[in-house]
Structures are given as C-alpha cells and as structure tokens.
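Taking it in order: structure first as structure tokens, then the write-up.
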Amino acid sequence: MAISVAGGVKPAQIIEIEQRLQKLLIIGRDKAVVVTDDFNSGLEEAANKLEVERQAMRARLAKQNEAKAIVDTVSAQLLASVNANIEHHLSCPEQVLAHSKLNEKQVSLLEQLSAEQVDLTRIRPMVEALPWLVRDLVNMLNSSTFRHRRPQSSEVQVTDVKLVLNYIGIENLQTLIPYFCLRNLMPCAQTQLHWTSRKLWRYSVMAAIAAKTLASLHERDSAFIYTCSLMSQLGTTSVIQQSARIFEEMWRNWLKEASASGDKSLYDAVLATEFPAKDVYKQIVTHSLKLNWQLLGLLHFEQSRLTTTFQAIETKLKYAELDPDTAIIERANCYAKVFLLKETGNITVAESRLMFDYYQVTEQELLKLSKQNLNKLPLF
C-alpha cells in the first residue's frame, strides 16, 4: 500500500511534475493546440516565418565552423546582457509594474465583479475607462456567434456600452471580463513568444474553467474563484512580458548596430539568437508567485481577497492549510496540469494519482471535470 501524501508539505516529486508542465509551457517547442478564441492569430504567420528563417540560418551557419564560432560568441554575449538586465528589473516589483499593462482600474473592476451583489450602473463607468475592454465586449456582442442570441434587430451593430452590458448580462460579464483582462496582459506583440503565449493562455483558461466547475460543484463563490484562477497567471505573464520586452529591445539594437557595421556574419549571428526561454523559466520559478500579490499590493489592494489568496498560495507550506476557496483553485490547477501532461505524454498513471492524492481531488470532482469542455468558456 502506497503512503498517501495528501495535503502535507509538498513532496519533491510533486514539485518536479509541476515544473515539468511549466517547462513544457515556457520552453517546449511544440505548437499549442488551437483554442476556441485564438487571441493572437495574426502573429502566427510572422512567428512561423521567423522560425523558418532561423532554421535556415542555423543550417547555413552549421556548415561554416568559423561562422558558428561567431554565432556562439555573439549569442552568448547578447544573452548575458539580456539576462543581467532581466534579473535587475525583476528584482524590483515597482519596475515590473511600471512596464505592465495592469492598472488599478482593472483590479477595481475585477473586485466589483466578484462582489456578492454586482451593480451594472457601477460597472459601466469602470468598463468605459478601459477602451480595449469596450472594444473586446463590443466585438463579442456583434460577432456571428453571439448575434443570433439577441432578441431583435440582430443585424444591427450595437456599440452603446450600456446596451452591450445589458445584452451580455452580469453572469456572462463575470466570465468574459476577467478572461479579456488576462488576455490583455499576455505578451502578444512579440513573434518570439507566439507559441509560448498560446500554450500559457490555453493552460490558464483550462485551469479557470476547472476552478469554476469545482466552485459550482461545492456551491462556493464561483465568480471570485474563476477570476482568481485566471489572474493567478499575473506573475508569470509579467515575467514573460518583461523579459520579452527587454530581449526585443536589446536584440533589435544589436541587429541595427550589426547592420550598420556591414559585417554580415555578425548580423547573421544576432539574427539567429533566440529568446532565452530556459533562463526566463528560472526567473518565473523564482518570481512569479510572489509577483502575483506584490503587484496588487503596489496598486493599493493589500487587503483584497485576490491579494490574500495569492499570498496564501505562495507562503503556505501545506496544501491542507489553505482555505476552501484557495484549495479549489489549487485543485483546478492540479487537474489542468495533469490533463496537459497526459495530452503530451509527459506523465505516468502513477504520477497522475500522486498529484490527485496530494491535492485531495475526489472521484466526484474527477468525474465532474471529465465531463467539462475545458477549451470553451461556459457562456450562456
């Protein structure tokens, strides 16, 4: 009979399994399965083109030992500078926040949506203060998927925010707005991170849907638990976004200088240098959980339920010490991790059982989650 690890201090094997998934998301080169809402499909062609160019470049350079030596030397120098810069910036949460798209308006809106009584008249000005969110909600309402659900004049484009919010309804807004908030925070502008962003986005949505499902099963506050689950990727996305920004700036500067020098071998070496995913992964392990609550604290939400939940996840040594809502979020994360590791053939049956044992995932919960489509938001 195997000894149960349920709820105690997290064993090394559990940590290794979870880090295996995180490495797969951040470092793995496999392309993400397409999700229902492909949040950055416009970059896919550019990302594929850049990767093809890099592969061709590496193949050509591999035939030239001297050129390869230049590539290795130049890439090492560039990445050493990039990593030093990344580490310096991540050591200061204030700098991370300064370059993040997260702001007080978003957090206030998420707090209002998680309240016991949600008032649309209070929500509306908060939505209007975020133009990108207005755009996303208007596009959603006027999409072909949503249009047939409207009572009349389905062909008329609705742009008035008040009408948009009324049409969508509070319950759907509680699902859509946190979803759009996380999507806005994702590092979507860099072709370097196209596949990483897609994989991380898919995991985030799957975990949040699982959390919402478990919250409903146990009659807990599903709006808060769903929002908290999605936003628990805040630290990870902040590290990636910050790292991508620094790499992109330095890479382009080096590329420009190499072009100006007229040295084609130097230019090719810089062009062939890839985003340091392995080094960034280490920074994620070090900083992401702490940044989840530090960034909210810097925005003066120290007493927020979101902040205290994230702080508990980062500081509690034992799963059994977590409050019921936080425990649900962690169980949902566990299920999503096991699901994705199974999908890619990176976990054994025994390891899956160990994960479910530690996080105390019940047979009833597994049955409920197995029937839930984790790739599609539970709307309408």
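The values are calculated or read from the model by the stated rules, or taken from the named source; none is laboratory data. Bear in mind the structure is a predicted one, so any value in this text is a computation, not a measurement. With ideal geometry, Cβ positions are generated from the backbone for all residues, glycine too; neighbour counts draw on all protein chains shown. SASA here: full protein model, heavy atoms, side chains in, ligands and nucleic acids out. Shrake-Rupley method; radii C 1.70, N 1.55, O 1.52, S 1.80 Å.
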How large is ³J(HN,Hα), in whole Hz, for each residue of the stretch 364-374 in order, when computed from phi with the Karplus curve 6.51 cos²θ - 1.76 cosθ + 1.60 and θ = phi - 60°, using x for Gly and Pro?
4, 5, 4, 5, 4, 5, 5, 8, 8, 7, 7
Among LYS212, LYS290, LYS368, which one shows the biggest mean-square fluctuation in a GNM of the chain, springs joining Cα atoms closer than 10 Å?
LYS368
Please identify, among THR307, THR175, THR159, the residue showing maximal mean-square fluctuation in a Gaussian network model of the chain using a 10 angstrom Cα cutoff.
THR159
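Taking the highest mean first, how do the peptides 267-274, 163-170, 6-13 order by number of other beta carbon atoms within 10 angstrom per residue? Don't skip to the end; give the middle numbers.
On the way: 267-274: 20.1, 163-170: 16.9, 6-13: 12.8.
Taking the mean over residues of other Cβ atoms within 10 Å, the ranking is 267-274, 163-170, 6-13.
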How would CYS334, CYS92 rank on accessible area, largest to smallest, probe 1.4 Å?
CYS92, CYS334
Using a Gaussian network for the chain with springs between C-alpha atoms less than 10 Å apart, which of these wobbles most: ALA80, ALA244, ALA350?
ALA350
Solvent exposure ordering (accessible area, 1.4 Å, most first) of HIS88, HIS300, HIS218:
HIS300, HIS88, HIS218
Given a 1.4 angstrom probe, what's the average accessible area per residue across the chain, in square angstrom?
48
For LEU379 and CYS92, FRET efficiency with R0 = 51 Å and r from the beta-carbon atoms, rounded to 0.05?
0.85
Summing -39500 (n - 2.57) over the DSSP H runs of n ≥ 4 in the chain and dividing by its residue number, what mean residue ellipticity at 222 nm do you reach, to the nearest 500 deg cm²/dmol?
-22500 deg cm²/dmol
Ignoring ligands, DNA and RNA, what percent of the 1.4 Å accessible area of the stretch 298-373 is carbon and sulfur?
52
Modelled label-to-label distance, SER143 and THR308, 7 Å Cα→beta-carbon offset: nm?
3.5
Quote the accessible area belonging to TRP195 in square angstrom, nearest 10, computed with a 1.4 Å probe and with ligands, DNA and RNA left uncounted.
50
With θ set to phi - 60° and the Karplus curve 6.51 cos²θ - 1.76 cosθ + 1.60, what are the ³J(HN,Hα) couplings of the stretch 238-254 in order, to the nearest whole Hz, using x for Gly and Pro?
5, 5, 5, 4, 5, 5, 5, 4, 5, 4, 4, 5, 5, 4, 5, 5, 5
Point-to-point label distance, ASP263-GLU16, nm (Cα→Cβ direction, 7 Å offset):
4.4
Would any residue of the stretch 201-219 have its amide N under 16 Å from a label point 7 Å out along Cα→Cβ of ALA320? List them or say none.
none
For a 19 Å ceiling on Cα separation, which of these pairs sit above it: LYS337/LYS371; LYS23/LYS49; LYS278/LYS342?
LYS23/LYS49; LYS278/LYS342
Within straight cross-link reach of LYS199, meaning Cα distance under 16 Å, which aspartates and glutamates are found once same-chain residues fewer than 8 apart are removed?
GLU18, ASP30, ASP37, ASP38, GLU44, GLU343
Using a Förster distance of 41 Å, how high is the FRET efficiency between THR73 and LYS101, based on the Cβ-Cβ distance and rounded to 0.05?
0.70
Calculate one ³J(HN,Hα) per residue across the stretch 195-200 by plugging θ = phi - 60° into the Karplus curve 6.51 cos²θ - 1.76 cosθ + 1.60, and present them in order as whole Hz with x for glycine and proline.
6, 4, 4, 5, 5, 5
Determine, from the Cβ-Cβ distance of ASN85 and LYS23 and an R0 of 30 Å, the FRET efficiency 1/(1 + (r/R0)^6), rounded to the nearest 0.05.
0.85
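Among ARG198, ARG245, ARG122, what's the order by accessible area (1.4 angstrom probe), most exposed first?
Details: ARG198 10, ARG245 40, ARG122 140 Å².
Descending accessible area places them as ARG122, ARG245, ARG198.
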